[in-house]
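Engineer: Submitted below is the structure of interest, expressed as structure tokens.
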Amino acid sequence: MSPDALRNQQVDSSMRVVIIGGGVMGAATASFLGARYGIRATVIERDASYARASSALSVCAIRQQFSTEINIRISQQSLAFYRDIGTQLAVGADRPSIGLVEPGYLYLATSAGANVLEENQALQTRCGAAVALLSPSELARRFPWLSLEQIALGSLGLSTATSGEGWFDGYSALQAFRQHAIAHGAQFLEAEAVDFDVRDGAVQSVITSAGDRIAADAVLITAGAWSSPLAGMLGFDLPVRARKRDVFSLQAPGPLPGCPLVIDPSGFWFRPDGDTGQFLCGSPPRGEDIDGVPLDQVDHGLFDEWLWPRLAERVPQFDELRVTGSWAGYYEYNTFDQNGLVGRLPGVRNAFVAAGFSGHGLQQAPAVGLGVAELIATGAYGVLDLSPLGLERIAAKAPLVERNVI
């Protein structure tokens, strides 16, 4: 069925859709349900302050440099939406802005990883993404502040009419979706879902910690790092875990001209935060990646002992950095294959999931939110087929491997 046919298909606008999780994925789905189908979703969010929400703590970047076609397509659709968010999510005269900038992503590789960049770039180009492979001499001309010790190749995302990479204000994006959803009839409730009333293979209602029962014709779990226990109540072992990631805010002696978001072969990344010499950076955890580490335990030793020396090796100017702030947030980490888990929950005919995006949720929310709204309202995907992200791949032991996970 074509996207236009799906949009014009008769749907039951009185459908009672309950969304558990009011972060960007839940808010985006509620927005599309209301605006496109007249369905007034009820969104349950246990923390209306979003103090621990990944949507509020993310560094909020967007790219097309993935190694799977579905992720590239999702990012392209989402980028087009974010570029036009002032129109797409306008509420009356209020036209939201998320401060999107597109300096690109720069992946750096040693000789051992150069072939991966080349293979990825071939796929990205076939999908219409503008990505340039740069030799060390080309990198030196573009980024003279960059030390190229052991670097054999770089891969830089370029900004064109249909392609681009950069970053934006994720909290503003969350609030824009939330306000648009409310304007189209969604109700956001501060409550915690603790159980489900399931009969005849379908959820009848969602039960909150206060004992309230919220009737449901369809239920969507978009609770990010906290999605797995909810799916477990419905009999499905969802491989999504809360994995802490530390972010450090830095002041350098000055800006780096033309600096994109840089990903080093050793796994750390950095990007400008404005144009005054402020930067954000982060890296994978040292040692074992443990579930549910408290967010108030920022690993400053990680910065001092591991990250700073590598930053200074890659950018000599960073030898004079000073840390001006830090925070931690959770990746809703999919331990199966680090890709989003989207679609119907096996075994329960009216339950759906959108979780496990492993750091890509904010950038993928527009395309995934629309797709899930289509699936709930009409029974099928329309604009973009998200079935490669379906949960069936877990039972089939067929991971959708994404090589470009930061």
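The values are calculated or read from the model by the stated rules, or taken from the named source; none is laboratory data. Note that this is a predicted model, so its numbers are computed, not measured. Backbone-built Cβ (ideal geometry, glycine too); neighbour counts: all protein chains shown. With ligands, DNA and RNA removed, areas are computed over all heavy atoms of the protein, side chains included. Shrake-Rupley method; radii C 1.70, N 1.55, O 1.52, S 1.80 Å.
Engineer: Taking segment 209-230 as the region of interest, how many residues are within 16 Å of the chain's Cα centre (by Cα) and under 26 Å from SER13 (Cα atoms)?
Structural biologist: Summing the residues that are within 16 Å of the chain's Cα centre (by Cα) and under 26 Å from SER13 (Cα atoms) in segment 209-230 gives 3.
Engineer: Please indicate, with yes or no, whether at least one residue in segment 151-163 is free of Cβ contacts under 8 Å to residues at least 40 places away in the same chain, open to solvent by 30 Å² or more (accessible area, probe 1.4 Å), over 30 Å from LEU134 (Cα atoms) and aliphatic (A, V, I, L, M).
Structural biologist: No, the conditions are met nowhere in segment 151-163.
Engineer: Only one of these is within 22 Å of VAL43 (Cα to Cα) and not in a loop (DSSP other than H, G, I, E, B): ALA365, ALA328. Name it.
Structural biologist: ALA365
Engineer: Still on this structure, please answer the following. Criterion first (over 15 Å from ALA27 (Cα atoms), surrounded by fewer than 24 Cβ atoms within 10 Å (Cβ to Cβ) and free of Cβ contacts under 8 Å to residues at least 24 places away in the same chain) does ASP385 satisfy it?
Structural biologist: yes
Engineer: Residues of segment 35-67 being open to solvent by less than 10 Å² (accessible area, probe 1.4 Å), of a type outside the set (D, E, K, R) and at negative phi, which ones?
Structural biologist: Once the filter is applied, which keeps residues that are open to solvent by less than 10 Å² (accessible area, probe 1.4 Å), of a type outside the set (D, E, K, R) and at negative phi, segment 35-67 yields ILE39, ALA41, VAL43, ILE44, ILE62, GLN64, GLN65, PHE66.
Engineer: OK, next. Any idea which residue in segment 329-347 is nearest to MET233 (Cα to Cα), counting only those that are among the small types (Gly, Ala, Ser) and crowded, with 18+ Cβ neighbours inside 10 Å?
Structural biologist: By that ranking, first place goes to GLY343.
Engineer: Which pairs turn up if I take residues in segment 93-118 that are closer than 21 Å to ARG310 by Cβ and of a type in the set (A, V, I, L, M) and look for partners that are modelled with pLDDT of 95 or more and open to solvent by 50 Å² or more (accessible area, probe 1.4 Å) with beta carbon separation below 6 Å, at least 6 apart in sequence or on another chain?
Structural biologist: Sorted first by the residue in segment 93-118, then by its partner, the pairs are LEU108/PRO265; ALA109/PRO265.
Engineer: Turning to a different aspect of this structure: Please find, among SER326, SER283, the residue that is among the hydroxyl-bearing types (Ser, Thr, Tyr), modelled with pLDDT of 95 or more and either in contact with an Asp or Glu (Cβ under 8 Å, 6 or more places away or on another chain) or open to solvent by less than 60 Å² (accessible area, probe 1.4 Å) (or both).
Structural biologist: Going through SER326, SER283 in turn, just one is among the hydroxyl-bearing types (Ser, Thr, Tyr), modelled with pLDDT of 95 or more and either in contact with an Asp or Glu (Cβ under 8 Å, 6 or more places away or on another chain) or open to solvent by less than 60 Å² (accessible area, probe 1.4 Å) (or both): SER326.
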